[in-house]
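Just below is one structure, and these are the notes that go with it.
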């Protein structure tokens, strides 16, 4: 079974593309979503986050995302601490999930494959790209966020022109119809390879 990485910058349309693959019957694992779930359900992760960041890491038993986001924003050392706690558990969870799949290939959606130098973990990588202005507008609307905050996140991510030569397949997310055609063609190619 092939493991296909699906990545792209914030607001590029990774989730839309992942859902299109899912509609074609491809199992999809969304790493960010599973990480959030595990941060709320894993006793080990909870204990370690509280040890590192104090009781404020959780509020009423739920992950205090705003508190942790403020802690790690522009602080790579603090971000690394969280990643070192969460990433091994997500990897373990993914490997367990993988054993239950029977499809010729699966999609693992992960925002920062190249940023964390994880491309070797995949048989191929799909990069979703989209116009920067469209991405900005999508994220501002979706997250009810300011232009400055979204630009700051974009600037912390690797640029598309750096990721394109590292990727096996590129999906240009322009219109839903066009993106769907690209996904269907790529699905056939992946089934045949």
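Key figures
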{"item": "Identity of the residue in segment 160-188, exposed (fewer than 15 other Cβ atoms within 10 Å of the Cβ) and without any contact (Cβ under 8 Å) to a residue 12 or more places away in the chain, that ends up nearest to residue 13 (Cα to Cα)", "result": "175"}
{"item": "The listed residue being within 22 Å of residue 143 (Cβ to Cβ), modelled with pLDDT of 95 or more and assigned by TED's automatic domain parsing to the domain that holds residue 89, out of 68, 38, 63, 6", "result": "38"}
{"item": "Of all residues making up segment 25-53, the number that are buried (at least 16 other Cβ atoms within 10 Å of the Cβ), out of contact with any strand residue (DSSP E or B) (no Cβ under 6 Å at 6 or more places or on another chain) and in contact (Cβ under 8 Å) with a residue 60 or more places away in the chain", "result": "2"}
{"item": "Residue that is nearest to residue 172 (Cα to Cα) [pool: residues in segment 93-117 that are modelled with pLDDT under 95 and surrounded by fewer than 17 Cβ atoms within 10 Å (Cβ to Cβ)]", "result": "112"}
{"item": "Residue within segment 54-64 that is without any contact (Cβ under 8 Å) to a residue 24 or more places away in the chain, under 20 Å from residue 153 (Cβ atoms) and surrounded by 13 or more Cβ atoms within 10 Å (Cβ to Cβ) present", "result": "yes"}
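The values are calculated or read from the model by the stated rules, or taken from the named source; none is laboratory data. Just so we're clear, the structure is a prediction, and the values are computed from it rather than from any experiment. Cβ coordinates were reconstructed from backbone atoms using ideal geometry, including for glycine residues, and neighbour counts include every protein chain displayed.
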